[in-house]
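We did not get these values from a lab; they are worked out from the coordinates using the rules stated. A quick note: this is a predicted structure, and the numbers were derived from the prediction, not measured. With ideal geometry, Cβ positions are generated from the backbone for all residues, glycine too; neighbour counts draw on all protein chains shown.
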Amino acid sequence: MAKKKTKKKTTKKKTTKKKSTKKKASKKKTRKAAQREPLIVTSKVKAFIKSQDMMSGVEAIEALNAKVYDIVQEAVERAQSNRRSTLRPKDF
């Protein structure tokens with residue numbers, strides 16, 4: 001009985017050009033509350049406001065976010081004045 005010759009199929013790997021991972025420095029205009037990262041979940045706030053049979057505007061959500069930033073900043077300052085690096089409920 002004769003042995004069959006088997007050929008191994010070779011596949012060429014496609015070489016793709018890797019994109020550079022360096023990010024360009026972006027110039028951001030600084031605004032007060034508009035450029036801050038949201039600390040609140042907008043959809044949840046809007047859902048709560050709607051459940052109270054009220055409507056909400058964009059300015060209301062931005063104002064609430066600014067208020068949260070102010071509250072947290074005051075708590076940070078209070079903790080720092082007490083020589084602590086941990087925020088506690090009493091700081092709020």
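Observations
- For segment 42-91, average projected area of the Cα convex hull in nm²: 4.2 nm²
- Most tightly packed first, judged by the mean number of other beta-carbon atoms within 10 Å of their residues, the peptides 60-66, 38-44, 82-88, 72-78 read 60-66, 72-78, 38-44, 82-88.
- Cα→Cβ-extended label distance, 7 Å offset, between THR42 and ILE71, nm: 2.0 nm
- Long-range amide H partners of SER56 with built H, under 5 Å: none
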